[in-house]
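Peer 1: First, the structure itself, so that you have it in front of you.
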């Protein structure tokens, strides 16, 4: 008899992923066990620190289904389960667990995804009651990140977060520890064996990964230090997952970063050079998408990557304004930025980019334009379509304006024979205005970063400072 061979599945990074073939045949039940009341308040009337999810239950379930589909699981059914309060043993009530057990048997379901955070005890008890594998929102997001990681840095960060999550559970196979990349450890496997040995192996592996990540952080720090000598300003893209950051990144840089209509299509950070309207070059960073209830262990694991966001001169907060929950998504991004120590109200540094204008009907587009016109210039979002290019010149102007707020502006006169000095100006400064007088001399207005001001004044001692950065701001 011929031996059965599982189909080989190759990812875009060239690695074989047999788990993808397994996932595509796994019938999955997605449940949304959402509280029916908001977090309680204490005696002083202050709401508890629990983050309030502003989305409707249906929108949250649809997102959970999107996350499930992102790793090719077959969604057999999905349902919202209103709960007054989570049960310590199974999160759900006894009657609902029995109902789910019948559904699992009747519909031949292999896996249940719960869009909530389950404790290890709740997860084990649900698995015993249902007779199938159960994962929660954190586990699902970790599996997606494991599938999406394409660089060594991304793989290390995902595996560290995955191990930190699984360490307290130890109800899975640990065969993935032998792989070069982590992730996707919930389907199949021989089961729970040698728990103490597993715990020791996990801890040892985590220590090694943390050391490797420290090397990555040092390397990124050296790169950042070398960039500061150039220096190129850093502009970072942040936003909710699937808001269109990678499409916008490709539009601005003419790069070919993976940009698909799926959650967490991009995981690994990417940086490219972008030239602004007056010739200045900046480094544009694409980052991992944010999501509501992002596991804290992932925020910690990806902090090395997010350091580029923390240190960026300008942050572009990309929003999908065609999405029905765009306000709630923006609130989640603002919360994570706050957790990173970034003031979300810093209008000098953060620009809201309202993306996907091409998906709006004319009435919605007119309404948004009216909203924009009523905002102060410093707080005015930029309406764009990364897909069609609409609004991109305005966005580049806005980035240039934010970067130049505190930069000096000079005027100077050059003779036609001073071509080398003119070339230096175009390479090292921004030429805002160039006019030729009757004698053939060039009258120039230039703007430059403070770090280059001393070199400039040495080369052009007769140049005259005409406006400070704040004066430029007031005259625009």
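Peer 1: Across the range 22-34, which residue is nearest to residue 130 (Cα to Cα) among those that are modelled with pLDDT under 90 and under 27 Å from the mean Cα position of the chain (by Cα)? Working first, answer last.
Peer 2: The first filter runs over the range 22-34 and keeps only residues modelled with pLDDT under 90, leaving 22-26.
Subsequent filtering for residues that are under 27 Å from the mean Cα position of the chain (by Cα) retains 23-24.
Details: 23: 19, 24: 21 Å.
Out of the qualifying residues, it is 23.
Peer 1: Just checking, does the range 427-435 include any residue being touching a residue at least 60 places away in the same chain (Cβ under 8 Å), in the same structural domain as residue 359 (by TED's automatic domain parsing) and touching a helix residue (DSSP H, G or I) at 6+ places or on another chain (Cβ under 7 Å)?
Peer 2: No: the range 427-435 contains no residue that is touching a residue at least 60 places away in the same chain (Cβ under 8 Å), in the same structural domain as residue 359 (by TED's automatic domain parsing) and touching a helix residue (DSSP H, G or I) at 6+ places or on another chain (Cβ under 7 Å).
Peer 1: Go through the range 332-363 and report how many residues are in a helix (DSSP H, G or I) and buried (at least 19 other Cβ atoms within 10 Å of the Cβ). Show your work before the answer.
Peer 2: Quick first cut of the range 332-363, residues in a helix (DSSP H, G or I) only: 332-339, 357-359, 362-363.
After this cut, where a residue has to be buried (at least 19 other Cβ atoms within 10 Å of the Cβ) as well, the list is 332-333, 336-337, 357.
Result for the range 332-363: 5.
Peer 1: Still on this model: Please work out if residue 379 is surrounded by fewer than 13 Cβ atoms within 10 Å (Cβ to Cβ) and closer than 25 Å to residue 251 by Cα. Reasoning before the result, please.
Peer 2: Values: surrounded by fewer than 13 Cβ atoms within 10 Å (Cβ to Cβ): yes; closer than 25 Å to residue 251 by Cα: yes.
Yes: the conditions hold for residue 379.
Peer 1: Quick check on my filter: what residues within the range 442-461 are out of contact with any helix residue (DSSP H, G or I) (no Cβ under 8 Å at 6 or more places or on another chain) and either surrounded by 14 or more Cβ atoms within 10 Å (Cβ to Cβ) or modelled with pLDDT under 90 (or both)?
Peer 2: At the first step, the residues of the range 442-461 found to be out of contact with any helix residue (DSSP H, G or I) (no Cβ under 8 Å at 6 or more places or on another chain) are 443, 445, 449-451, 453-454, 457-458, 461.
Result: 445, 449, 450, 451, 453, 454, 457.
Peer 1: I'd like the full set of residues that are assigned to a helix (DSSP H, G or I) and either farther than 21 Å from residue 405 by Cβ or touching a strand residue (DSSP E or B) at 6+ places or on another chain (Cβ under 7 Å) (or both), limited to the range 419-437.
Peer 2: Within the range 419-437, the subset assigned to a helix (DSSP H, G or I) is 419-428.
Once the filter is applied, which keeps residues that are assigned to a helix (DSSP H, G or I) and either farther than 21 Å from residue 405 by Cβ or touching a strand residue (DSSP E or B) at 6+ places or on another chain (Cβ under 7 Å) (or both), the range 419-437 yields 419, 420, 421, 422, 423, 424, 425, 426, 427.
Peer 1: From (1) touching a helix residue (DSSP H, G or I) at 6+ places or on another chain (Cβ under 6 Å); (2) under 19 Å from residue 403 (Cβ atoms), pick out the condition that doesn't hold for residue 353.
Peer 2: (1)
Peer 1: Could you list, in sequence order, all residues of the range 373-400 that are modelled with pLDDT under 90 and within 20 Å of residue 428 (Cβ to Cβ)? Outline the logic, then answer.
Peer 2: As a first pass, look at the range 373-400 and keep what is modelled with pLDDT under 90: 373-380, 400.
Passing the criteria: only 400.
Peer 1: Just to be sure, is residue 440 assigned to a loop (DSSP other than H, G, I, E, B), on the phi > 0 side of the Ramachandran plot and assigned by TED's automatic domain parsing to the domain that holds residue 371?
Peer 2: no
The values are calculated or read from the model by the stated rules, or taken from the named source; none is laboratory data. All figures in this text were calculated on a predicted structure; none of them were measured in a lab. Please note: Cβ atoms are built from the backbone with ideal geometry, for glycine as well, and neighbour counts cover all protein chains shown.
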